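Here the structure comes first, spelled out in structure tokens, and everything after it is commentary.
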Amino acid sequence: MKLDSKIPEGHISEKWTNHKNNLKLVAPNNRPKIDIIVVGTGLAGASAAASLGEMGYNVKAFCFQDSPRRAHSIAAQGGINAAKNYQNDGDSVYRLFYDTIKGGDYRAREANVHRLAEVSGNIIDQCVAQGVPFAREYGGMLDNRSFGGTQVQRTFYAAGQTGQQLLLGAYSALSRQIGLGRVQMFNRHEMMDLVKVDGKARGIIARNLVTGEIERHSAHAVIIASGGYGNVYFLSTNAMGSNVTAAWKVHKQGALFSNPCFVQIHPTCIPVHGTNQSKLTLMSESLRNSGRIWVPKKKEDAEAIRAGQLKPTQIAEEDRDYFLERRYPAFGNLVPRDVASRAAKERCDAGYGIEANDTNEGVYLDFSTEIQNKGKQAAYASGNHNPSPEEITRLGKKWLEEKYGNLFTMYQKITDENPYETPMKIYPAVHYTMGGVWVDYNLQSTIPGCFVAGEANFSDHGANRLGASALMQGLADGYFVLPYTVSNYLADDIRTGKISTSLPEFDEAEKRVKDQINSFLSNNGTKTVDYFHKRLGLIMWNKVGMGRNEQGLKEAISEIDALRAEFYKDVFVPGSADELNQELEKALRVADFLELGQLMAMDALERNESCGGHFREEYQDAEGETLRDDENYAFVSAWEYKGPDISKEELHKEELKYEYIKIAARNYK
Amino acid sequence: MASKKNININLKIWRQKNGNVKGQLVDYKLDNVSTDSSFLEMLDQLNEQLVSQKQEPVAFDHDCREGICGSCSLFINGRAHGPDTGITTCQLHMRMFKDGDTIYVEPWRSRAFPIIKDLVVDRSAFDRIQQAGGFVSVNTSGRTIDANTIPVPKENADKAFEAAACIGCGACVATCKNGSAMLFVGAKVSQYALLPQGKVEATQRVMNMVRQMDEEGFGNCTNTGACEIECPKGISLENIARMNREYLKASLK
Amino acid sequence: MAKSALLKSSIAKKYWMALTGLFLCLFLVGHLLGNLQLIFSDAKHFNDYALFMTTNPAVKILSYLTYISIIFHAVDGILLTVQNKAARPVGYAKVNASASSSLASRNMAVLGTLILVFIVTHMANFWARMHFDENMPIVVKEINGGMGGKQRVAVGTKESPNPYFQIDENGRFGTKILEDIKTQSMGQYDLAVRDLTTVYNKKDGEVIFIGQKDLYKITIDLFKDKKWGMAATGLYVLAMLVLAFHLLHGFQSAFQSMGVTSRKLTPIIKTFGTAFAILVPALFAAIPVYIHFFLK
């Protein structure tokens, strides 16, 4: 199979404009004759469905949640990047483009990323016009803050709930179209399979999660915007329902799956507390603007802390190792996520971890310096040039509360510790997956008519995503890319007419789905779905996690293979197919994770280099930094499904060419 | 973390096969619950136990488990989202309970939120209210004016954000003795009423959203203020007052 | 749309509750000021006030507005309660309502019903007797009789053509007296009584005498009654307690319903509302207590 990324000709800054000018259009009177299915209602899905509905297409949107507003985009905290340069600190489209490519460790496609940077400003305009209440300065202008991996302030935010506000903005646009009858919304529906007719994506099989009914839905194009696959690790910052099923089913129908091993481990999450833990909670990256990350310099201090004999506040300043500031003086605590995560892991592996859990995995995020600094500033600002230490501390805490109050409260609710008084304990956790379904410049997969957007595709973040870029990509894909490229594809379908759902292809797909459901329900095993999911998670975290090596990956591949066999033999799924059956939903999702996990390990094993979130222990320099191999691995891996035996998947490569950015070692020192 | 302790609890959980049959409270005993667990992790533990005994697990809505998606919805010991304020059920931790406690777990009760199964209710009424007017009619072209063209006073932007922080969980309806949805609707109306972008359609918006709200079968607000107390996002009653103002203005037009 | 919206919608019902409720608060103030004369003034002033209130046309309009408000407030309240009950067909097995709302706010319907019962009782005690009771006492006075002895007579109002009129032992004009006058005047004065206090000549319609109802007397009698005075006093105080709770939530709630809130205004309204809810019923309650225990 030859991969054609369809990157337009011309200078990088003109590619998208030229491309748009040359794309085919569908006239307004023809659009109502065309059906489009959108799976997922996060930022990418909701914005795509709203935009396409608004254009006049018949859109059917699907989400497994009880409302489109609950998609996991809602949980993004920190912000959204845009090259507006409102802060006058030298930002530009090129810089955002450059930072994103560099942040992605030179494993993203230049043209896509540049387009993302180009439309970033429009996103902010659009959202403000929709009534998204971004944070503002006293002058009434939009406020910005810094995020990891950048030296400008280009992140727009709404307290620690930016994802929520953006999603609710997209949801409001979607709601408007639902109200107008342009979009038909299917809540509590899960896509179970893709239906291809004559090689083109022509519909889906969906399960009504309330009644259990298996439904056929046809369309002229199918857009998958179902998010990432972080839940393959069981514990992640993803929502409990986040799953790979839609993307994976598309993969099994012929769409190539790219860079599955590129997973982002977010440095600032609340550490694991016990075996019943169901998910990990993120503490926004924005906290790294104010917090300093450290572990004790002395091992015996770390041990004493874990044993509960010492408190972090008792460790003297000179006995603290601010390891990010030590290793990366230029960016300090604001290095990209992969770098920060690995540095934390390195310290914990070396025995300096401070969390008293099974693995001692935890480091401190300390706000005491910021409390003093901001407290002093606030005192001066209020005209008090001789503040007492108590006054400074009080004002500093007040400043923190205004800036991060909700995050601090959340932390306190979960851990029962007061982060104003004692440093937060944090540790990296699986957060985002850069890999996904392979798409060309038009966001179309290798199946014609099957488009993939947002986190579900692989396209924009390379081997590591910068903070506040996921929201940007989701909305860019949905609002500003798909409306053009999907129309271009559909221009050939104006005479096709309605796609019948009684075609044999629908029969087959429906049968596949029903067979799988029935096999689970009649399996009569002895173990719960979660039992297998947790075991898969452990294999993934230990061997396909932050540090990977050849031996571990090989073990992982065979262990997952064996676990999958055991799963099919011994899983027990209670209840029936014709009702709300949450265990069945989980079983169907975990089945796909068990296949994907293996592919992730294979992809990681194949990539004999370290880049971004993919850290192969064999490939690091003397200081423990990643060693990329641009000669041999400057490509996007794209795996082709070859049947139930995942080890048979075939690797294709899309070469990455860097014409506008000088490829270099990533240096945040 | 602070408390490493396990407790044993008794649960009284509402079980109902579907919307067409009657349900009842069923007693369960659950031992060795870590006080560091969240309430939903405790239910996971119960479900693990039930499934391994080949019994049907308890169905409940949940997703993000970090207090923002608004999926979780339990009425615990007589209070929406349980015995703590400013949180959702997924943020409620078992350290709020004592060894030997009996805990009632019930679904949201409202005519507008019919039960689907066990603790799962249908909150699509909220979606329909949103569809009736909870938006700014602007096309998603991105070709709008520059985001900084219209300055918005910080106070208004902050208030709009506070209103927009609503997660649509339905705790306001569940806790209101009248089953009123006015805090939810008031918050949405307020968000737009406070921003210049929302003012253009203010009249139709409030009329349409209130009409839809009434049609869905929610009760009427009698200003008891319970919604504000139980709202996990602390949405203020001020938002209902603002909606009342907006509605009066719109009605007199 | 606007028209039906202002009548039927859930928010409109709030407006009407608020408007009628606030109007009734105003009425309470007026009523209280009048009634306080029972403590701080004398029988004559009080009865003059009662006469003014029953005859002044402006007061008449206000009184009708008050009746309408009471009826509207009650009907709307009942309607709301019924609808609100229907909004939750299946209740909770366990409710911890006190964690999130005040007792008063949750029980406005019950409190309101009790107040309605009180209003009916109250009107039966005073208003109905004033208007319909044949035995409604008239203001009387002891004057020096023609025989040098004392004589009790009805006292005429300012408009009355005669300052006094004879009364019988029951304090009424009495048929015997009227018959006697007819006989004595050889049928020239064929007197009859209308509106309980006005004596006129049936022959030519000439008004002979206009008496004044003695509201003061029946009030004092009620609360000083040997048998029932204590019970009546207690019930009135209790009713005022109920009113206090109703106002405690109702007063500030009305402003919330009308959307009259602001950062500066709301605390003032709340404080004033609380003071109003305590002070007004307390003063009302003080009247029967004063009469029963302290009035000589």
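The values are calculated or read from the model by the stated rules, or taken from the named source; none is laboratory data. It should be emphasised that the depicted structure is a prediction, and the values quoted were computed from it without experimental measurement. Cβ: placed from backbone, ideal geometry, glycine included. Neighbour counts: every protein chain shown. The area values use the complete protein model at the heavy-atom level, side chains included, leaving out ligands, DNA and RNA. Shrake-Rupley method; radii C 1.70, N 1.55, O 1.52, S 1.80 Å.
Here A:Arg70 passes the criteria (1) touching a Cys at 6+ places or on another chain (Cβ under 9 Å); (2) away from every other protein chain (no Cβ under 13 Å) except the one numbered (2). Candidates are the residues of region B:220-236 that are open to solvent by 30 Å² or more (accessible area, probe 1.4 Å) and within 23 Å of C:Ser9 (Cα to Cα); the one that is farthest from the other protein chains (Cβ to nearest Cβ) is B:Ser236.
In this structure, is A:Ala135 open to solvent by 10 Å² or more (accessible area, probe 1.4 Å), within 9 Å of chain B (Cβ to nearest Cβ), small (Gly, Ala, Ser) and more than 21 Å from A:Asp460 (Cα to Cα)?
Taking the combined requirement at face value, the residue satisfies it.
The residue that is surrounded by the most Cβ atoms within 10 Å (Cβ to Cβ), among those in region A:1-47 that are in a helix (DSSP H, G or I) and of a type in the set (Ser, Thr, Tyr), is A:Ser47.
Determine which member of the set B:Thr85, B:Thr149 is closer than 29 Å to A:Tyr157 by Cβ, surrounded by fewer than 19 Cβ atoms within 10 Å (Cβ to Cβ), in contact (Cβ under 8 Å) with a residue 60 or more places away in the chain and more than 7 Å from every other protein chain (Cβ to nearest Cβ). None of the other options fit; the residue is B:Thr85.
Here is a yes/no grid of residues against (1) outside any helix (DSSP H, G or I); (2) open to solvent by less than 10 Å² (accessible area, probe 1.4 Å); (3) within 18 Å of A:Ser13 (Cβ to Cβ):
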| site | (1), (2), (3) |
| --- | --- |
| A:Ala83 | yes, no, yes |
| A:Tyr86 | yes, no, no |
| A:Asp89 | yes, no, no |
| A:Leu96 | no, yes, yes |
| A:Ile101 | no, yes, yes |
| A:Arg107 | yes, yes, no |
| A:Ala111 | no, yes, yes |
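Comparison of A:Thr501, A:Thr485, A:Thr496 shows that the only residue that is of a type in the set (Ser, Thr, Tyr), assigned to a loop (DSSP other than H, G, I, E, B) and either in contact with a strand residue (DSSP E or B) (Cβ under 9 Å, 6 or more places away or on another chain) or buried (at least 16 other Cβ atoms within 10 Å of the Cβ) (or both) is A:Thr501. Here B:Val26, B:Val105, B:Val21 are screened, and the one residue that is at negative phi, crowded, with 24+ Cβ neighbours inside 10 Å and within 14 Å of chain C (Cβ to nearest Cβ) is B:Val105.
Specify the residue that is surrounded by the most Cβ atoms within 10 Å (Cβ to Cβ); the eligible residues are those in region A:367-403 that are under 25 Å from A:Ser146 (Cβ atoms) and among the charged types (D, E, K, R). Per the stated criteria, the residue is A:Lys374.
Give the residues of region A:512-545 that are under 29 Å from the mean Cα position of the chain (by Cα) and among the small types (Gly, Ala, Ser), sorted by residue number.
Narrowing region A:512-545 to residues under 29 Å from the mean Cα position of the chain (by Cα): A:513, A:516-517, A:528-545.
Of everything in region A:512-545, those that are under 29 Å from the mean Cα position of the chain (by Cα) and among the small types (Gly, Ala, Ser) turn out to be A:Gly537, A:Gly545.
Report whether or not C:Ile70 is among the aliphatic types (A, V, I, L, M), surrounded by 17 or more Cβ atoms within 10 Å (Cβ to Cβ) and either away from every other protein chain (no Cβ under 14 Å) or in contact (Cβ under 8 Å) with a residue 12 or more places away in the chain (or both).
Values: among the aliphatic types (A, V, I, L, M): yes; surrounded by 17 or more Cβ atoms within 10 Å (Cβ to Cβ): yes; either away from every other protein chain (no Cβ under 14 Å) or in contact (Cβ under 8 Å) with a residue 12 or more places away in the chain (or both): yes.
For C:Ile70, the condition - among the aliphatic types (A, V, I, L, M), surrounded by 17 or more Cβ atoms within 10 Å (Cβ to Cβ) and either away from every other protein chain (no Cβ under 14 Å) or in contact (Cβ under 8 Å) with a residue 12 or more places away in the chain (or both) - is met.
When each of A:Leu563, A:Leu605, A:Leu584 is tested for being at pLDDT 95 or above and buried (at least 22 other Cβ atoms within 10 Å of the Cβ), the lone residue that passes is A:Leu584.
May I ask you to list the residues in region C:75-89 that are open to solvent by 30 Å² or more (accessible area, probe 1.4 Å) and more than 7 Å from chain B (Cβ to nearest Cβ)?
Going residue by residue through region C:75-89, those that are open to solvent by 30 Å² or more (accessible area, probe 1.4 Å) are C:75, C:78-79, C:81-83, C:85-86, C:88-89.
Answer for region C:75-89, where residues must be open to solvent by 30 Å² or more (accessible area, probe 1.4 Å) and more than 7 Å from chain B (Cβ to nearest Cβ): C:Val75, C:Ile78, C:Leu79, C:Thr81, C:Val82, C:Lys85.
The selection criterion, being basic (Lys, Arg) and part of a loop (DSSP other than H, G, I, E, B), holds for B:Lys54. Which residue is least open to solvent (accessible area, probe 1.4 Å), if the candidates are limited to region B:200-218 and must be within 12 Å of B:Met182 (Cβ to Cβ) and free of Cβ contacts under 8 Å to residues at least 60 places away in the same chain? Checked region B:200-218; the qualifying residue least open to solvent (accessible area, probe 1.4 Å) is B:Val210.
Examine region B:211-219 for a residue that is at the interface with chain C (Cβ under 10 Å from one of its Cβ atoms) and of a type in the set (S, T, N, Q), and state whether such a residue exists. Spell out the reasoning first.
First, pick out the residues of region B:211-219 that are at the interface with chain C (Cβ under 10 Å from one of its Cβ atoms): B:211, B:213-214, B:216-219.
Cutting the leftovers down to of a type in the set (S, T, N, Q) gives us none.
No, there is no match, as no residue in region B:211-219 is at the interface with chain C (Cβ under 10 Å from one of its Cβ atoms) and of a type in the set (S, T, N, Q).
Exactly one residue out of B:Lys98, B:Lys159 is surrounded by fewer than 24 Cβ atoms within 10 Å (Cβ to Cβ), under 30 Å from A:Gly121 (Cβ atoms), of a type in the set (D, E, K, R) and more than 8 Å from every other protein chain (Cβ to nearest Cβ), and it is B:Lys159. Of all residues assigned to region A:292-309, at least one qualifies as being of a type outside the set (A, V, I, L, M, F, W, C), within 14 Å of chain B (Cβ to nearest Cβ) and open to solvent by 40 Å² or more (accessible area, probe 1.4 Å). Taking region B:169-178 as the range and being surrounded by 24 or more Cβ atoms within 10 Å (Cβ to Cβ) and within 8 Å of another protein chain (Cβ to nearest Cβ) as the test, the residues that pass are B:Thr175, B:Asn178.
Starting from residues that are assigned to a loop (DSSP other than H, G, I, E, B) and more than 21 Å from B:Glu230 (Cβ to Cβ), keep the ones in region C:90-134 and report whichever is most open to solvent (accessible area, probe 1.4 Å).
In the first step, residues of region C:90-134 are kept if they are assigned to a loop (DSSP other than H, G, I, E, B); the result is C:90-96, C:100-102, C:107, C:133-134.
Now drop any that are not more than 21 Å from B:Glu230 (Cβ to Cβ), which leaves C:133-134.
Details: C:Asp133: 40, C:Glu134: 129 Å².
Per the criteria, the residue is C:Glu134.
Just to be sure I understand, how many residues within region C:7-47 are over 30 Å from B:Met207 (Cβ atoms), assigned to a helix (DSSP H, G or I) and more than 16 Å from the chain's Cα centre (by Cα)? Lay out the reasoning, then the answer.
Taking region C:7-47 as the starting set, the residues that turn out to be over 30 Å from B:Met207 (Cβ atoms) are C:26-47.
Remaining after also requiring assigned to a helix (DSSP H, G or I): C:26-35, C:37-40, C:43-47.
Next cut, more than 16 Å from the chain's Cα centre (by Cα) only: C:39-40, C:43-45.
Selection size over region C:7-47: 5.
Being in contact (Cβ under 8 Å) with a residue 40 or more places away in the chain, touching a Ser or Thr at 6+ places or on another chain (Cβ under 6 Å), open to solvent by 70 Å² or more (accessible area, probe 1.4 Å) and not basic (Lys, Arg) narrows it down to one of C:Phe23, C:Phe27, so name that one. Break it down stepwise before answering.
On the way: C:Phe23 fails: open to solvent by 70 Å² or more (accessible area, probe 1.4 Å).
That would be C:Phe27, the only listed residue that is in contact (Cβ under 8 Å) with a residue 40 or more places away in the chain, touching a Ser or Thr at 6+ places or on another chain (Cβ under 6 Å), open to solvent by 70 Å² or more (accessible area, probe 1.4 Å) and not basic (Lys, Arg).
Of the set (1) assigned to a loop (DSSP other than H, G, I, E, B); (2) touching a Phe, Trp or Tyr at 6+ places or on another chain (Cβ under 8 Å); (3) surrounded by fewer than 17 Cβ atoms within 10 Å (Cβ to Cβ); (4) not aromatic (Phe, Trp, Tyr), all apply to A:Glu659 but (2). Restricting attention to region C:162-174, which residues are open to solvent by 80 Å² or more (accessible area, probe 1.4 Å) and over 14 Å from C:Thr198 (Cα atoms)? The answer is C:Glu169, C:Asn170.
Okay, residues lined up against (1) under 28 Å from B:Lys17 (Cα atoms); (2) buried (at least 24 other Cβ atoms within 10 Å of the Cβ); (3) of a type in the set (Ser, Thr, Tyr):
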| residue | (1), (2), (3) |
| --- | --- |
| A:Gly212 | yes, no, no |
| A:Arg216 | yes, no, no |
| A:Gly228 | no, yes, no |
| A:Val232 | no, yes, no |
| A:Asn238 | no, yes, no |
| A:Ala246 | no, yes, no |
| A:His251 | no, yes, no |
| A:Gly254 | no, no, no |
| A:Ser258 | no, yes, yes |
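Residues in region B:118-142 that are open to solvent by less than 10 Å² (accessible area, probe 1.4 Å) and not in a helix (DSSP H, G or I) were compared, and the one that is farthest from the other protein chains (Cβ to nearest Cβ) is B:Leu119.
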